[in-house]
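Chemist: Input: one structure, supplied below.
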Amino acid sequence: MILDGMVETPRLTIRPFVLSDAATLVAVFSDPDVARHVGDGEPLSLENARLWVTRSGENLQRHGYGTGAVIARSSGQLIGWAGFARPRNGPEQIIYGLTVANWGQGLGNEIVTALLGVADERGIGTVLATVDRANAKSIRLLQKHGFRLRERNHAGDPDVHLYERALTD
C-alpha cells in the first residue's frame, strides 16, 4: 500500500483505511469462516477495528506502506483487507482476507501479486506470511507465488505456520 495512493488490480483497489471502515471490518469478521483463519479466530470488536485502522494509518505515515481496505471496483464495496503488517522483530508480513462471498474467484491471487509488486518497488527483500495450517487455499496461493515454509508452529502456536518469499533471488 502506498501512502496517498492506491494499489489497483484488474478487479480491486487497495486503499488506505478510513475510520468509517472499522464498522465494516467488524461485519466482515463476524463471519466465523473468515474469523477462524485470522488472529485468535474470534470476531473483531469495534474497539480493536478502530485501533487497527488507526495503527494502519500510522504505519502508512511512518513507512509509506501498511494495511488497507480491499474495495471491489465493480461495486465500490469494502470486501476485505490487505497489506503489510510490521512485526517488531522481523521482516514485513503480507496479510489479506476477503469476505466469504468473494472466495474462489482469484481475488487472492490479484492481492498477493499486487503486494509482492509493492514490496519489490519498495526494496523489501524478504516477505513473510503467517497462515493458519488449516487454510489450505491460502497456503496453495502463497506457494504459487514462490513462498516456502519457513517454520511450523510459529511463535509456539501449533495452528500457525510461517512462510517466506525472498524477492532478491
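Chemist: What does the helix-only formula give at 222 nm for the chain: each DSSP H stretch with n ≥ 4 adding -39500 (n - 2.57), the total divided by the residues, and the result rounded to the nearest 500 deg cm²/dmol?
Modeler: -10000 deg cm²/dmol
Chemist: Only Cα pairs within less than 10 Å get springs; with that Gaussian network setup on the chain, which residue of L98, L51, L78 has the largest fluctuation?
Modeler: L51
Chemist: How much of L46 can a 1.4 Å solvent probe reach, expressed as accessible area in Å² and rounded to 10?
Modeler: 70 Å²
Chemist: Right, something else. When Lys and Arg each count +1 and Asp and Glu each count -1, what net charge do the other residues less than 12 Å away from R55, Cβ to Cβ, add up to?
Modeler: Taking every other residue near R55 into account, the sum is +2.
Chemist: If you don't mind, there's one more thing I want to ask. Roughly how many Å² is the accessible area per residue of the stretch 92-136, as a whole number, for a 1.4 Å probe?
Modeler: Value for the stretch 92-136: 40 Å² per residue.
Chemist: Tell me which residues come under 5 Å, amide H to amide H, from I95 once H is placed; ignore anything under 5 positions away on its chain.
Modeler: Those qualifying (amide H under 5 Å, at least 5 residues apart or on another chain) are G83, F84, A85.
Chemist: How much net charge surrounds G117 when only other residues with a Cβ under 14 Å from its Cβ are counted (Lys, Arg +1; Asp, Glu -1)?
Modeler: The answer is -3.
Chemist: Would you check the accessible area of H161, probe 1.4 Å, heavy atoms only, in square angstrom rounded to 10?
Modeler: 20 Å²
Chemist: Considering only A119, A101, A49, give the residue with the highest GNM mean-square fluctuation for the chain, with springs between Cα atoms whenever their separation is below 10 Å.
Modeler: The residue that fluctuates most here is A101.
Chemist: On to the next question. Between beta-carbons, use under 12 Å as the cut-off and find the net charge around A35, counting Lys and Arg +1, Asp and Glu -1.
Modeler: Working: positive: R36; negative: D31, D33, D40, E42, D132.
Residues near A35 contribute -4 overall.
Chemist: Work from the charge dipole of the chain (Cβ charges, +1 for Lys and Arg, -1 for Asp and Glu, about the Cα centre) and give the residue of P16, L60, V160 farthest towards its positive end.
Modeler: Ranked along the dipole, the leading option is V160.
Chemist: Taking amide H positions as placed 1.01 Å from N in the peptide plane, with prolines and chain starts having none, which residues 5 or more places from L167, or on another chain, fall under 5 Å of its amide H?
Modeler: Excluding prolines and chain starts, which carry no amide H, the hits are T126, V127.
Chemist: Sort D31, D159 by accessible area with a 1.4 Å probe, largest first.
Modeler: Details: D31 50, D159 75 Å².
Result, largest first: D159, D31.
Chemist: Another question, then. Taking the Cα centre of the chain as origin, sum charge times position over the Cβ atoms of Lys and Arg (+1) and Asp and Glu (-1), and report the length of that vector in debye to the nearest 20.
Modeler: Numbers: 18 positive and 19 negative charges, 54 e Å.
For the chain, the charge dipole is close to 260 debye.
The values are calculated or read from the model by the stated rules, or taken from the named source; none is laboratory data. Keep in mind that what you see is a predicted model, and the values were worked out from it rather than measured. So basically every Cβ, Gly included, is an ideal-geometry build from the backbone, and we count neighbours across all protein chains shown. Areas reflect the complete protein model, heavy atoms only, side chains present, ligands, DNA and RNA absent. Shrake-Rupley method; radii C 1.70, N 1.55, O 1.52, S 1.80 Å.
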